[in-house]
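Undergrad: Please see the structure below; I have some questions.
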Amino acid sequence: MHLGIVGSGNVAQILARGFAAHGHTVKLGTRESAKLADFAKANPSITIGSFKDAASFGEVVVLAVKGLVASTVLEAIGSDALAGKVVLDPTNPIADVPPVNGIINYFTGPNESLMERLQKQMPGARFVKAFNSVGGGLMVNPKLPAKPTMFICGNDEAAKKVVAGLCEQLGWGTEDVGKVEGARAIEPLCMLWCAPGFQRNDWAHAFHVLR
Ligand SMILES: NC(=O)c1ccc[n+]([C@@H]2O[C@H](COP(=O)([O-])OP(=O)(O)OC[C@H]3O[C@@H](n4cnc5c(N)ncnc54)[C@H](OP(=O)(O)O)[C@@H]3O)[C@@H](O)[C@H]2O)c1
């Protein structure tokens with residue numbers, strides 16, 4: 001598949017390399033391609049462009065940007081480049097303040113979510129939440145005692161199937177939490193995932209649902 005990764009940080013680079021290693025054709029988008037010179041050299045099969053270039057390129061678009069600017073970035077990309085596309089959304093609505101005793105602060109409230117805002121902003125795109133509640137270091141084929149669970153949600157069943165397939169390739173089982181409102185439950189899992197990290201520098205874990 002053609003994957004357009006909007007973003008150039010940890011998550012963008014890790015997922016870009018991971019998807020490329022599994023045979024996908026990847027373009028990464030940034031405001032400043034010069035800063036990715038080393039990445040481009042080390043990963044010659046991954047092309048670099050603007051946010052809009054990456055979004056236009058992708059059959060699946062990964063929105064790997066800071067939660068606070070996600071809406072602004074979508075506005076800059078425009079609805080045409082995202083029309084009908086699967087948008088894999090790993091963003092978290094992290095506020096610009098430090099964690100309180102290891103618990104990060106969100107700029108959203110309990111009965112809403114960032115993905116609902118983004119889906120409303122871009123009704124023609126098919127958003128699926130995924131990869132928001134695990135650290136970048138464990139996103140791609142993590143070595144853990146059991147297959148970890150990726151919680152996903154979104155309004156479009158076919159889009160969720162595509163994302164579930166991508167999760168499977170990267171070594172994850174999926175748990176479907178329903179429509180876009182499922183993000184109200186999934187986004188806070190990042191707070192929970194980060195707590196042992198900020199409290200005792202323990203970042204080597206992932207969620208796994210038992211039945
Ligand atoms: N880091 C993790 O382990 C992790 C794990 C799970 C989920 N997440 C979530 O995944 C997303 C990406 O996280 P990250 O740690 O890789 O990177 P990040 O530092 O949260 O975001 C970096 C990206 O945001 C863009 N950006 C920052 N400020 C901007 C602005 N004012 N206008 C436009 N774009 C701006 C940057 O653009 P340029 O490329 O132009 O610099 C860059 O592509 C976040 O929402 C985060 O909460 C992160």
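The values are calculated or read from the model by the stated rules, or taken from the named source; none is laboratory data. From a predicted model like this one, the values you see are computed outputs, not experimental measurements. Here Cβ is always computed from backbone atoms with ideal geometry, including for glycine, and neighbour counts include all displayed protein chains. When the accessible area is computed, the model is the full protein with side chains, heavy atoms only, and any ligands, DNA or RNA have been set aside. Shrake-Rupley method; radii C 1.70, N 1.55, O 1.52, S 1.80 Å.
Undergrad: Can you pull out the residues in region 122-138 that are away from the ligand (no atom under 15 Å from the Cβ) and not in a loop (DSSP other than H, G, I, E, B)?
TA: Kept after step one, since they are away from the ligand (no atom under 15 Å from the Cβ), are these residues of region 122-138: 122-126.
Once the filter is applied, which keeps residues that are away from the ligand (no atom under 15 Å from the Cβ) and not in a loop (DSSP other than H, G, I, E, B), region 122-138 yields only R126.
Undergrad: If I filter region 139-185 down to residues being assigned to a loop (DSSP other than H, G, I, E, B) and touching a Pro at 6+ places or on another chain (Cβ under 9 Å), which single residue comes out as surrounded by the most Cβ atoms within 10 Å (Cβ to Cβ)? Before you say what the answer is, go through the steps one by one.
TA: Let us first name the residues in region 139-185 that are assigned to a loop (DSSP other than H, G, I, E, B), namely 139-148, 154-156, 170-172, 177-179.
Now restrict to residues that are touching a Pro at 6+ places or on another chain (Cβ under 9 Å): 139, 142, 148, 170-172.
Working: M139: 22, P142: 17, P148: 18, L170: 19, G171: 18, W172: 25.
The extreme case among them is W172.
Undergrad: Report, by residue number, each residue of region 63-87 that is within 11 Å of the ligand (Cβ to nearest atom) and either crowded, with 20+ Cβ neighbours inside 10 Å or aliphatic (A, V, I, L, M) (or both).
TA: Residues of region 63-87 within 11 Å of the ligand (Cβ to nearest atom): 63-77.
Result: L63, A64, V65, G67, L68, V69, A70, V73, L74, A76, I77.
Undergrad: So, one more: Mind checking whether some residue in region 160-179 is in contact with a Cys (Cβ under 9 Å, 6 or more places away or on another chain) and either of a type in the set (D, E) or modelled with pLDDT under 95 (or both)? It would help to see each step written out before you state the result.
TA: First, the residues of region 160-179 that are in contact with a Cys (Cβ under 9 Å, 6 or more places away or on another chain): 160, 173-174, 176-179.
Now narrow it down to the ones that are either of a type in the set (D, E) or modelled with pLDDT under 95 (or both): 176.
So far as region 160-179 goes, yes, one or more of its residues are in contact with a Cys (Cβ under 9 Å, 6 or more places away or on another chain) and either of a type in the set (D, E) or modelled with pLDDT under 95 (or both).
Undergrad: Oh, and also: Report yes if some residue within region 106-124 is under 15 Å from the mean Cα position of the chain (by Cα), more than 20 Å from V163 (Cβ to Cβ) and not polar (S, T, N, Q); otherwise report no.
TA: Of all residues in region 106-124, those under 15 Å from the mean Cα position of the chain (by Cα) come to 113-116, 118-119.
In the following step, the residues that additionally are more than 20 Å from V163 (Cβ to Cβ) were identified as none.
No: region 106-124 contains no residue that is under 15 Å from the mean Cα position of the chain (by Cα), more than 20 Å from V163 (Cβ to Cβ) and not polar (S, T, N, Q).
Undergrad: So how many residues does region 88-102 have that are open to solvent by 50 Å² or more (accessible area, probe 1.4 Å), part of a strand (DSSP E or B) and either within 13 Å of the ligand (Cβ to nearest atom) or in contact (Cβ under 8 Å) with a residue 40 or more places away in the chain (or both)?
TA: 1
Undergrad: So which residues in region 192-208 are open to solvent by less than 50 Å² (accessible area, probe 1.4 Å) and either in a helix (DSSP H, G or I) or of a type in the set (A, V, I, L, M) (or both)?
TA: Correct list: W193, C194, A195, P196, G197, A206.
Undergrad: When both residues are 6+ apart or on different chains and their Cβ atoms are under 6 Å apart, which pairs have a first residue that lies in region 148-171 and is farther than 20 Å from A20 by Cβ and charged (D, E, K, R), and a second that is open to solvent by less than 10 Å² (accessible area, probe 1.4 Å) and part of a helix (DSSP H, G or I)?
TA: none
Undergrad: Taking region 22-49, which residues are within 11 Å of S8 (Cβ to Cβ) and of a type in the set (S, T, Y)?
TA: Those that are within 11 Å of S8 (Cβ to Cβ) and of a type in the set (S, T, Y): T30, S33.
Undergrad: When the residues of region 103-121 are filtered to those that are part of a helix (DSSP H, G or I) and in contact (Cβ under 8 Å) with a residue 12 or more places away in the chain, which remaining residue is surrounded by the most Cβ atoms within 10 Å (Cβ to Cβ)? Working first, answer last.
TA: Going residue by residue through region 103-121, those that are part of a helix (DSSP H, G or I) are 114-121.
Imposing the further condition that a residue be in contact (Cβ under 8 Å) with a residue 12 or more places away in the chain reduces the set to 114-119, 121.
Working: L114: 24, M115: 29, E116: 19, R117: 17, L118: 23, Q119: 24, Q121: 15.
If we take residues in region 103-121 being part of a helix (DSSP H, G or I) and in contact (Cβ under 8 Å) with a residue 12 or more places away in the chain, then M115 is surrounded by the most Cβ atoms within 10 Å (Cβ to Cβ).
Let's see how each residue does on (1) within 8 Å of the ligand (Cβ to nearest atom); (2) open to solvent by less than 20 Å² (accessible area, probe 1.4 Å); (3) part of a helix (DSSP H, G or I):
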position: I5; (1), (2), (3): no, yes, no
position: V11; (1), (2), (3): yes, no, yes
position: R17; (1), (2), (3): no, no, yes
position: G23; (1), (2), (3): no, no, no
position: L28; (1), (2), (3): no, yes, no
position: F39; (1), (2), (3): no, yes, yes
position: I48; (1), (2), (3): no, no, no
position: A54; (1), (2), (3): no, yes, yes
position: V61; (1), (2), (3): no, yes, no
